[in-house]
Amino acid sequence: MSTSTAGATRTERAHAKLNLLLRILAREASGYHGIETLFQRLALHDVVQVTVSDAPCALTCEGPAMPGGGIGAPEQNLAWRAAQLYCETAGWDIGWHIAIEKHIPVGGGLGGGSADAAAVLRALEALCPTPIGLPRLLTLAGTLGADVPFMVRDVPLAWAWGRGDRLLPVPALPVMAVTLVAFDQGVNTGAAYGAFARAREAQGSAVGAMAYAADAFASWASVCALAANDFEQVVPNLHAGVASTLPLLRQTAASLHAQGHHAIGMMSGSGATCFLLYAGGGDGFDGSLVLPPGARLVHTSTA
């Protein structure tokens, strides 16, 4: 067992993300859907500390966003899987302890689990005596989930396609306020994809990749004009909170637009978290939003 870095610790921020544009493309023979998406990093983040040692591997998780039922078996956690995969790839026979402080709502389409996994990859890459390099790190990230490659990269905004592993960083836009509507119950990503596939098959429609203008993501005006999420076609039928919240967010965003402000009211990822992105103070609602049961507001910003 390598002991050259035993006892070394690395702490990383694991930032949440929004999907400002999410298109689901054709289903591959493997059953996997390709995507096109515009990722936006949020200031909201978990804190992930990785310590390498000669002790057996372990993972602990606590914090204000921990679900009541906990996170399940550590070995099934995406952060644990990321550590195993990294050490196998690097040929690094070392033990590790991962400590996660949860602030990102779990299972809400904000990429909390993916962010934690990406933070573990970054931490181990910094600690490893023989780092594997960014290209291989991104390849590993792509095997863990569509959000993970973006979260490995230190970029605030990126266009991604394929399985999320093909990334084009784009220049950051001015900081905007974000109010999240988070729910106690999330949406199962597999169930959301299944519902979408059935709906698309019933429609008999085929969807291919689109070409976007070079300046499509160069301003909030252009991003607001393109903002859309294909999952919104089916997830309201799977989640009553999303069904009641999305129309209110869209109305609020339309009202802000009418006042000359940029704003987006959408759902992130496969849900269930919905969001209002806007310029200005307060929560964006002027106290007019009535939350459905099991929902709460989380205030943050783009980052």
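Brief remarks follow.
- Here the condition is being over 23 Å from residue 44 (Cα atoms) and open to solvent by 10 Å² or more (accessible area, probe 1.4 Å); of 289, 238, it holds for 238 alone.
- Boolean, residue 297 is in a strand (DSSP E or B) and either of a type in the set (Phe, Trp, Tyr) or farther than 19 Å from residue 224 by Cα (or both): yes
- Within the stretch 103-143, being among the charged types (D, E, K, R) and open to solvent by 10 Å² or more (accessible area, probe 1.4 Å) holds for 122, 125, 136.
- Any hit, the stretch 166-180, residues being over 24 Å from residue 76 (Cα atoms), polar (S, T, N, Q), over 15 Å from the mean Cα position of the chain (by Cα) and open to solvent by 60 Å² or more (accessible area, probe 1.4 Å): no
- Residue identified as surrounded by fewer than 18 Cβ atoms within 10 Å (Cβ to Cβ), touching a strand residue (DSSP E or B) at 6+ places or on another chain (Cβ under 9 Å) and in contact (Cβ under 8 Å) with a residue 12 or more places away in the chain among 301, 255: 301
- Test result for residue 216, over 17 Å from residue 267 (Cα atoms), assigned to a loop (DSSP other than H, G, I, E, B), modelled with pLDDT of 85 or more and open to solvent by less than 30 Å² (accessible area, probe 1.4 Å): yes
- Residues in the stretch 79-96 that are open to solvent by 30 Å² or more (accessible area, probe 1.4 Å) and closer than 22 Å to residue 146 by Cα: 81, 84, 85, 88, 89.
The values are calculated or read from the model by the stated rules, or taken from the named source; none is laboratory data. Just so you know, these numbers come straight off a predicted model, no measurement behind them. Every residue, glycine as well, gets a Cβ built from its backbone with ideal geometry; the counts of neighbours run over all protein chains shown. Side chains included, ligands, DNA and RNA excluded: accessible areas come from the protein's heavy atoms. Shrake-Rupley method; radii C 1.70, N 1.55, O 1.52, S 1.80 Å.
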